[in-house]
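First the structure, in the form of structure tokens, and then the observations on it.
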Amino acid sequence: MNFDWLKRFMPRGLYGRAALILFLPVVVVTIVVTVMFLQRHFEDVTRQMTSGMAQEIALVAERIDAAADIEAARVSAMRVTGPLGLGLDLPSRAPGAEQRSFYDLSGRVVISELHARVPSVRTVDLSQRREVRVTLNSRWGDYQLSFARLRVSASNPHQLLVLMIGTSLLMTAIATIFLRNQLRPIRRLARAAEEYGKGRIIPYRPAGAIEIRSAGTAFLEMRGRIERQNEQRNLMLSGVSHDLRTPLTRLRLGLSMLSPDYPPEKDEVTALEGDVAAMSAMVDAFLDLARDSAQDGPPEERPVLDFVRGIVADAQRGGQKVVLHCGAGAAEEPDLATFRPDSLRRAIENLIGNAVRYGEHAEVEAALGPGWFRISVEDDGPGIPVDKRGEAMKPFTRLDPARNQNRGQGVGLGLSIAADIARAHGGQLRLGDGQRLGGLRAEIVIPR
């Protein structure tokens, strides 16, 4: 069955839909329960009260029918109608018609019970709100009995209705305030996302329920990653123009000094080749950064120790002086973790490359915890001062005065790439002092 037509009547906003979901079942259940309770209550109570009243009416009718004449009937009836609180009109001066208001639900029960229990009843007049007039026939003609309406039906539940409506309004107001407070963080998150889509960053702090806080935290992390990528892109563009300008200038100058009449000297050719190699290394580093930003490949579950052991073995075959050290929990089973093998390998290789470039030896440590694993690379180089470590993880930053320049120079992307890969895995890159070798200790800590 197609319910598309129903969508035209549904609220468009989240607040309206949440209010509809919250209030509609409560209102429906309250109405149904109230109607059923009132109906059963009034029917049962009214039937019980009317049956008692019918016995009193039958007693009066019996006395009237047993009298010798109409005067004796009046006297005999008055002896019981007075104590019973009944009004008597014998003979009836104004015979009543059977009347009942359409909203008088209990009146229907009163009329049916009186007709069923007292055969001589002709009409029951309920047109008066506080009085019931019953017309009966006898051997002396029609007569009328009147009594208070309260004797055959319960009074209207004004107090119950007022209490129910008042309580419903109060609870609706409280629920509306609570609902508005719960939806306010969603609106703030939507506004922050909308403004960021327009290129404006506004302050935002996750608040509200756990799910909304999780969504807000995810938005902040996403916004932070995008901002870092934009910053790296700008730095990459400026780095390309800055870092390539020097070798290009030397290359242009060297080419201009070559004579067409004499072949170039070997030193000149070597210098030109060195400039070309430097530019090629810079371009490769820029491509590594761009490839790392793409984060190709889905996460995989792999043994951590075997993964790190393979990286160290490849580095040793490449002539790098690096050894593997297993930390606490690394040998326990199972040592499985979920990560992107290609990007994490690139991060560890960058850390190992930095370690052997600025030191003599490097040591890799793998440690496992209940919900995390840590890969540390330590060298015996001069290290990085504490106040420079935050700057060292920025792209295209080279802290040459603090490091050994005799081992060659990079373009300042190794630590930046490793930090981005760690963040992409939900972890972080931390720089500290080495405890065993005394140099720099770089740790990548990510969840398992």
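Which members of region 164-204 meet the condition of being farther than 17 Å from Met222 by Cβ, among the hydrophobic types (A, V, I, L, M, F, W, C), open to solvent by 60 Å² or more (accessible area, probe 1.4 Å) and over 20 Å from the mean Cα position of the chain (by Cα)?
Ile165, Leu169, Leu170, Met171, Ile174
Yes/no matrix, rows are residues, columns are (1) at pLDDT below 75; (2) assigned to a helix (DSSP H, G or I); (3) hydrophobic (A, V, I, L, M, F, W, C); (4) touching a Lys or Arg at 6+ places or on another chain (Cβ under 9 Å):
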{"site": "Tyr204", "(1), (2), (3), (4)": "no, no, no, yes"}
{"site": "Arg223", "(1), (2), (3), (4)": "no, yes, no, no"}
{"site": "Leu235", "(1), (2), (3), (4)": "yes, yes, yes, yes"}
{"site": "Asp288", "(1), (2), (3), (4)": "yes, yes, no, yes"}
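Please verify whether region 126-144 includes one or more residues that are outside the structural domain of Val29 (by the TED database) and open to solvent by less than 30 Å² (accessible area, probe 1.4 Å). Give the derivation first.
Going through region 126-144, the residues outside the structural domain of Val29 (by the TED database) turn out to be none.
Within region 126-144, none of the residues are outside the structural domain of Val29 (by the TED database) and open to solvent by less than 30 Å² (accessible area, probe 1.4 Å).
Is it the case that region 9-25 has a residue that's in contact with a Gly (Cβ under 8 Å, 6 or more places away or on another chain) and closer than 30 Å to Asp104 by Cα?
No.
Restricting to region 29-46, name every residue that is in contact (Cβ under 8 Å) with a residue 24 or more places away in the chain and among the hydrophobic types (A, V, I, L, M, F, W, C).
Matches in region 29-46: Leu38, Phe42, Val45.
Anything in region 311-337 that is at pLDDT 85 or above and either in a strand (DSSP E or B) or of a type in the set (Val, Ile, Thr) (or both)? List them, or say none.
Listed by number, the residues that qualify are Ile311, Val312, Val322, Val323, Leu324, Ala337.
When you scan region 243-260, how many residues do you find that are assigned to a helix (DSSP H, G or I) and either farther than 23 Å from Ala419 by Cα or at pLDDT 80 or above (or both)? Steps first, please.
Let us first name the residues in region 243-260 that are assigned to a helix (DSSP H, G or I), namely 243, 245-256.
Remaining after also requiring either farther than 23 Å from Ala419 by Cα or at pLDDT 80 or above (or both): 245-256.
Total satisfying the criteria: 12.
Within region 205-217, which residues are of a type in the set (Val, Ile, Thr) and open to solvent by less than 100 Å² (accessible area, probe 1.4 Å)? Full working, then the answer.
If we filter region 205-217 for residues that are of a type in the set (Val, Ile, Thr), which is where we start, we get 210, 212, 217.
Matches in region 205-217: Ile212, Thr217.
Within region 79-90, is even one residue in a loop (DSSP other than H, G, I, E, B), surrounded by 13 or more Cβ atoms within 10 Å (Cβ to Cβ) and assigned by the TED database to the domain that holds Leu150?
Keep residues of region 79-90 that are in a loop (DSSP other than H, G, I, E, B), which gives 85-86, 90.
Checking the rest, the ones that are also surrounded by 13 or more Cβ atoms within 10 Å (Cβ to Cβ) come to 86, 90.
Narrowing further to those that are assigned by the TED database to the domain that holds Leu150: 86, 90.
The answer is yes; a qualifying residue exists.
Report, ordered by the first and then the second residue, all pairs with beta carbons closer than 6 Å, sequence separation of six or more or different chains, a first member in region 95-119 that is farther than 17 Å from Ser146 by Cα, and a second member that is open to solvent by 50 Å² or more (accessible area, probe 1.4 Å).
Val109/Arg47
In region 109-142, how many are under 60 Å from the mean Cα position of the chain (by Cα), more than 11 Å from Thr50 (Cβ to Cβ) and of a type in the set (A, V, I, L, M)?
1
For region 154-167, which residues satisfy the criterion of being of a type in the set (Ser, Thr, Tyr) and at pLDDT below 80?
Step one: of region 154-167, the residues of a type in the set (Ser, Thr, Tyr) are 155, 167.
Listed by number, the list holds a single entry, Ser155.
If Phe37 satisfies every condition in (1) more than 26 Å from Asp125 (Cβ to Cβ); (2) aromatic (Phe, Trp, Tyr); (3) open to solvent by less than 90 Å² (accessible area, probe 1.4 Å) but one, which is the exception?
Exception for Phe37: condition (3).
Considering (1) touching a strand residue (DSSP E or B) at 6+ places or on another chain (Cβ under 7 Å); (2) hydrophobic (A, V, I, L, M, F, W, C); (3) surrounded by 15 or more Cβ atoms within 10 Å (Cβ to Cβ), say which one Ala97 fails and leave the rest.
Going through (1) touching a strand residue (DSSP E or B) at 6+ places or on another chain (Cβ under 7 Å); (2) hydrophobic (A, V, I, L, M, F, W, C); (3) surrounded by 15 or more Cβ atoms within 10 Å (Cβ to Cβ) one by one, Ala97 breaks only (3).
Given the criteria assigned to a helix (DSSP H, G or I), more than 17 Å from Ser138 (Cα to Cα) and either touching a Lys or Arg at 6+ places or on another chain (Cβ under 6 Å) or assigned by the TED database to the domain that holds Phe147 (or both), does Ile64 qualify? Show your work before the answer.
Working: assigned to a helix (DSSP H, G or I): yes; more than 17 Å from Ser138 (Cα to Cα): no; either touching a Lys or Arg at 6+ places or on another chain (Cβ under 6 Å) or assigned by the TED database to the domain that holds Phe147 (or both): yes.
It is false that Ile64 is assigned to a helix (DSSP H, G or I), more than 17 Å from Ser138 (Cα to Cα) and either touching a Lys or Arg at 6+ places or on another chain (Cβ under 6 Å) or assigned by the TED database to the domain that holds Phe147 (or both).
So, in region 339-396, of the ones that are open to solvent by 40 Å² or more (accessible area, probe 1.4 Å) and of a type in the set (Asp, Glu), which residue ends up farthest from the chain's Cα centre (by Cα)?
Glu360
The values are calculated or read from the model by the stated rules, or taken from the named source; none is laboratory data. Just so it is clear, the model here is predicted, and its values are computed rather than measured. Cβ sites come from the backbone with ideal geometry, for glycine too, and all protein chains shown count toward neighbours. Note: areas computed on protein heavy atoms with side chains; ligands, DNA, RNA excluded. Shrake-Rupley method; radii C 1.70, N 1.55, O 1.52, S 1.80 Å.
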